[in-house]
């Protein structure tokens, strides 16, 4: 059997190099390249033609969520497995929304990571047990507003809500919109009040709901 071509993406050189060496030792895996941020990852996919991407989440220049979306826009179906220290609802939902096929935390051992790479290559969804538990908990919480529920947000608040839905942090949103982080926080406080949100995970779910509503019937919110 031909070994799986893997691209390893992580902004910490020690972790990136250690993962590359460790995974390349597996007879079923060949590490064809590494990248230090999402922008490099997008380029590396075109250069190295990997069959699976192991993706860090929060990185400088371009984070893993945005990189995953861009990679899959160019290469639909390419399995991306997130490997990160973050296990919060917001990060999980944003990564899965971007199209990641797997989500592991960095306390996963070598065996688990290798299994995830093999599983993703075979078309399986691969989730850390803790992530599965959080998704189950999210599914049993009160739902976000129905698609036809009016949410009176300003254009800027809707823009920030969309960026929260993409997994961007306040500092990243500020840089993207060329405004201060304090201004971002003010807009977030306002939209949380208007939409009766209690966490950023709630905001991600609302962003998904409203995005689906716009795609479904073209109505603006």
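Listing for the model above:
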item	result
Residue, modelled with the lowest pLDDT, within region 142-162, restricted to residues that are touching a helix residue (DSSP H, G or I) at 6+ places or on another chain (Cβ under 8 Å) and part of a helix (DSSP H, G or I)	162
Residue satisfying all of: in region 46-79; under 16 Å from residue 97 (Cβ atoms) and without any contact (Cβ under 8 Å) to a residue 40 or more places away in the chain; surrounded by the most Cβ atoms within 10 Å (Cβ to Cβ) among these	68
Test: residue in region 128-141 that is outside the structural domain of residue 210 (by TED's automatic domain parsing), at pLDDT 90 or above, under 30 Å from residue 75 (Cα atoms) and not in a helix (DSSP H, G or I)	no
Filter result (assigned to a helix (DSSP H, G or I) and in contact with a strand residue (DSSP E or B) (Cβ under 6 Å, 6 or more places away or on another chain)) within region 40-73	41, 44, 48, 64, 68
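Residue-by-condition table, conditions (1) modelled with pLDDT under 90; (2) under 22 Å from residue 127 (Cα atoms):
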| site | (1), (2) |
| --- | --- |
| 8 | no, yes |
| 15 | no, yes |
| 20 | no, yes |
| 25 | no, no |
| 29 | no, yes |
| 55 | no, yes |
| 86 | yes, yes |
| 98 | yes, yes |
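Table: residues versus (1) in contact (Cβ under 8 Å) with a residue 24 or more places away in the chain; (2) within 19 Å of residue 57 (Cα to Cα); (3) within 22 Å of the chain's Cα centre (by Cα).
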site	(1), (2), (3)
157	yes, no, yes
170	no, yes, yes
175	no, yes, yes
183	no, no, no
186	no, no, no
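The values are calculated or read from the model by the stated rules, or taken from the named source; none is laboratory data. If you're wondering where the values come from, they're calculated on a predicted model, not measured in any experiment. We place every Cβ from the backbone using ideal geometry, glycine too, and count neighbours over all the protein chains shown.
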